[in-house]
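A short write-up of the structure that comes next.
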Amino acid sequence: MGFGRAAGSVATLHEARTARDVERVVADARAAGGRVLARGLGRAYGDAAQCAGGELVDCTPMARLLELDSEHGVVRAEGGCSIASLLRTCVPRGWFVPVTPGTRHVTLGGAVAADVHGKNHHRDGSFGGHVVALEVVGASGTARVGPGLDPERYWATVGGMGLTGVVTEVTVKLRRIATSRLAVTTERAPDLDACMARLTELDAGHGYTVAWVDGLASGGRLGRSVITAGDHAALDDLPAGMRADALAYDPRTPLSVPVAPPVSLVGRGTLRAFNEAWYRKAPRRRVGEIQSIAQFFHPLDAVRDWNRLYGPRGFTQYQLVVPFSGADVVRRTLELLQRAHVLPALCVLKSFGSASAAPMSFPMPGWTLAADLPLGSPALAGVLDEIDGVVAGAGGRVYLAKDGRLRPELLSTMYPRVAEWRAVCERHDPEQLFVSDLWRRVAAVA
Amino acid sequence: MNDATGMPQRVVVLGGGSEIARALVVRLAAHRLRAVVLAGRDDASLEAAARELEALGVPQVERTRFEANDVADHEALVHRVLERIGSVDLLLVAAGSLGTAELDALTPEVVAQLVGTNFTGPAAATAAFARAMRDQGSGRIVVLSSVAGVRVRRSNFVYGAAKAGLDGFCQGLADALEGTGVQVTIVRPGFVRTRMTAGLAAAPLAVGADDVADAIVRGLERGADVVWVPAVFQVLLAFARHLPRALWRRIPS
């Protein structure tokens, strides 16, 4: 199942240690007329890394770091290598990943397939823009692709949700860092307009920005939020005691949710109390706080298996992006969720910069809002359909890596280049060997 | 596929002319329904249900024969369904008939026929579909049981006993399917005002087919294993199940 722990399906799992293992699984599936899909660390919230009744290639054993050019900051690693393990090696040597999502527990292959974005999207774009080359095991063999090497197939793989094949190797450019810390500005914003205005201002001066939004605040306080903006700290920014070991990197996972409780612990009461506390504890404005990479980029990774908090029914994440001209959709979305009595548990707002060249990449210049939503509420399906309509009407889209329920009719509206992308997929995979539950669902195919 | 909110795209209905089935499929059509196979024996009501779904814009509506007591055809039925719609996200088992509980009318043939229609046939077909759905690695089976099967009453004891059998079968099937990606939901309505119960005085807490369908949709959203309609039956039947027989007999039915 996906990270949202809902709508799971069963496939045969094949542990892949090398690209040769992957080739074997693909060839066998092809001979048997079956289906194949790669799976990494299972952080897609919905059914993107599920292949019901087919063959799932577990890429996580294929996790070696093959080559690190410490001079130019280029790393070549196997597709199952996680950002977490990459950081352990690179950060002490003064290099950082070009883009990291809100969790470090994603594989490089997954980062390419979902074309992940991070808090620096407004400046640096998504992951696919920093890749030098990929090795992809497709239906008809293994290929090396990159922006300068079979770009059509490369850009179909970026954001292609695994449907062009299994990414077995990734070469990516890193970013130079002087320290493993971030200098962070934290601000409270009393409402959505203030939040958007401040985010826009902070985007101009900071490499990383994001806002945590209190999804339960309504009326005049709708969209009240805590904005954080950060930059990699220079050596001089650190207190004297930290300078001796400026590149120290040792993320901890101190907490864990050992079992899924029989009912969701994310309720209106607990959430309201948490949001109130989170908002109140944030300073009105604080500048120059020093935070670790884990604190700043991956706060939820401090709690192992936190997704279990939602109980047996699980949750979904709804992430939308709308062009800046459709900024009002963000307000409307929060209002619609609240009116339907759906609990927007964890809401995050950020502005995106330029779009990628990849036809299926999610980000576009505009506002992106992500909300974790507990499943099981009777109004949820209807209200998300309604929000889809509003988002599509404004020229926006939802993120397929998070999706579990998009109406198929809207796929080509939200992703107008889907047919062009599909044609590339099918040219390299005419038998449509590579299929996911996500694709079967959003393309409405059996 | 079934989506994260529990809504299916490809549906098969055994007892496709049943009013509860019609009410449910109409609701699913408002969500994600793309293809449906209505399987049944009553041509007129099956045809009416099919036309209604076509009018609602369901892209693919198929009809096929399903006779509960013709178990020899059940494997072939699964093949017919897969040929037409490719895969099954949701199987709704809604076949059944109330029959009689008049001792004098209960000839061996009548008893066998009633048990066949309400238990043996639906169980046989469900098992055949369950195998196919296990192989596809996902899906949901929704079976209409009845509170009549939770504690059998004299007024409909053949029907009740058969539903008790089907209910137990599905509980075991649900356990057998654990870890296969296929989930079973057992629906236990009380008295439902439909053609099947026409002419009978409505029992207390009687509901309509629409109420049952709403409850099933809720159950799909919640991922429920058992759906009682109305919900209060869960509590009432917990008592009824343990009522001394001397008292149970005296409850007017």
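The values are calculated or read from the model by the stated rules, or taken from the named source; none is laboratory data. These numbers were taken from a predicted model, which means no experiment stands behind them. So basically every Cβ, Gly included, is an ideal-geometry build from the backbone, and we count neighbours across all protein chains shown. Just so you know, the surface numbers come from the protein's heavy atoms only, side chains and all, with ligands and any DNA or RNA stripped out. Shrake-Rupley method; radii C 1.70, N 1.55, O 1.52, S 1.80 Å.
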What is the number of the single condition among (1) open to solvent by 30 Å² or more (accessible area, probe 1.4 Å); (2) under 30 Å from residue B:181 (Cα atoms); (3) in contact (Cβ under 8 Å) with a residue 12 or more places away in the chain that residue A:50 does not meet? (1)
Of all residues in the range B:142-181, how many are free of Cβ contacts under 8 Å to residues at least 60 places away in the same chain, under 24 Å from residue B:103 (Cα atoms), out of contact with any Cys (no Cβ under 9 Å at 6 or more places or on another chain) and in a loop (DSSP other than H, G, I, E, B)? 2
Expected output for the range B:74-92 (first residue closer than 9 Å to residue B:132 by Cβ and within 11 Å of chain A (Cβ to nearest Cβ), partner open to solvent by 10 Å² or more (accessible area, probe 1.4 Å) and modelled with pLDDT under 95, Cβ below 7 Å, 6+ apart or cross-chain) is B:87/A:446
Does the range B:11-21 contain any residue that is over 18 Å from the mean Cα position of the chain (by Cα) and either at pLDDT 95 or above or assigned to a loop (DSSP other than H, G, I, E, B) (or both)? no
Residue that is farthest from the chain's Cα centre (by Cα) [pool: residues in the range A:6-31 that are within 13 Å of another protein chain (Cβ to nearest Cβ) and surrounded by fewer than 21 Cβ atoms within 10 Å (Cβ to Cβ)]: A:12
Here are some residues: A:400, A:369, A:373. Which one is within 14 Å of chain B (Cβ to nearest Cβ), hydrophobic (A, V, I, L, M, F, W, C) and either surrounded by fewer than 22 Cβ atoms within 10 Å (Cβ to Cβ) or more than 19 Å from residue A:439 (Cα to Cα) (or both)? A:373
Taking the range A:292-339 and keeping residues within 14 Å of chain B (Cβ to nearest Cβ), open to solvent by 10 Å² or more (accessible area, probe 1.4 Å), more than 25 Å from residue A:229 (Cα to Cα) and not polar (S, T, N, Q) leaves A:310, A:312, A:313
Restricting to the range B:88-98, name every residue that is within 21 Å of residue B:124 (Cβ to Cβ) and in a loop (DSSP other than H, G, I, E, B). B:88, B:94, B:95, B:96, B:97, B:98
For residue A:410, only one of the following conditions fails: (1) away from chain B (no Cβ under 14 Å); (2) outside any loop (DSSP other than H, G, I, E, B); (3) in contact with a helix residue (DSSP H, G or I) (Cβ under 6 Å, 6 or more places away or on another chain); (4) open to solvent by 10 Å² or more (accessible area, probe 1.4 Å). What is its number? (1)
Return yes when residue A:80 is buried (at least 19 other Cβ atoms within 10 Å of the Cβ) and more than 29 Å from residue A:211 (Cα to Cα) and no when it is not. yes
Just to verify a result, which residue in the range A:65-75, among those that are surrounded by fewer than 19 Cβ atoms within 10 Å (Cβ to Cβ) and of a type outside the set (Ser, Thr, Tyr), is farthest from residue A:178 (Cα to Cα)? A:66
Going residue by residue through the range B:205-220, is there one that turns out to be over 18 Å from the mean Cα position of the chain (by Cα), within 14 Å of chain A (Cβ to nearest Cβ) and β-branched (Val, Ile, Thr)? no
Give the residues of the range B:34-48 that are out of contact with any Gly (no Cβ under 6 Å at 6 or more places or on another chain) and of a type in the set (A, V, I, L, M), sorted by residue number. B:35, B:36, B:37, B:44, B:48
Looking only at the range A:424-444, filter to residues that are assigned to a loop (DSSP other than H, G, I, E, B) and more than 15 Å from residue A:34 (Cα to Cα); which one of those is nearest to the other protein chains (Cβ to nearest Cβ)? A:444
If you go through B:207, B:227, B:232, the only one that is open to solvent by less than 80 Å² (accessible area, probe 1.4 Å) and either in contact (Cβ under 8 Å) with a residue 40 or more places away in the chain or on the phi > 0 side of the Ramachandran plot (or both) is B:227
Can you tell me which of B:51, B:27, B:34 is open to solvent by 40 Å² or more (accessible area, probe 1.4 Å) and more than 14 Å from every other protein chain (Cβ to nearest Cβ)? B:51
Go through the range B:102-115 residue by residue and tally those that are crowded, with 19+ Cβ neighbours inside 10 Å and not β-branched (Val, Ile, Thr). 1
Within the range B:184-204, residues being more than 14 Å from every other protein chain (Cβ to nearest Cβ), part of a strand (DSSP E or B) and either surrounded by fewer than 15 Cβ atoms within 10 Å (Cβ to Cβ) or free of Cβ contacts under 8 Å to residues at least 60 places away in the same chain (or both) number 5
When the range B:225-253 is examined, which residues are found to be of a type in the set (A, V, I, L, M), assigned to a strand (DSSP E or B) and either within 16 Å of residue B:164 (Cβ to Cβ) or in contact with a Cys (Cβ under 6 Å, 6 or more places away or on another chain) (or both)? B:226
Filter the range B:116-137 for residues that are within 14 Å of chain A (Cβ to nearest Cβ) and open to solvent by 10 Å² or more (accessible area, probe 1.4 Å); which is nearest to residue A:47 (Cα to Cα)? B:136
Only residues in the range A:65-80 that are farther than 10 Å from residue A:171 by Cα and at pLDDT below 95 count as the first member; pair them with residues that are open to solvent by 50 Å² or more (accessible area, probe 1.4 Å) and not aromatic (Phe, Trp, Tyr), Cβ under 7 angstrom, at least 6 apart or cross-chain, and list the lot. A:70/A:93
Would you say residue A:378 is closer than 25 Å to residue B:10 by Cα, modelled with pLDDT under 95 and within 14 Å of chain B (Cβ to nearest Cβ)? yes
A careful count of residues in the range B:164-183 that are within 26 Å of residue B:153 (Cα to Cα), aliphatic (A, V, I, L, M) and open to solvent by less than 20 Å² (accessible area, probe 1.4 Å) gives 1
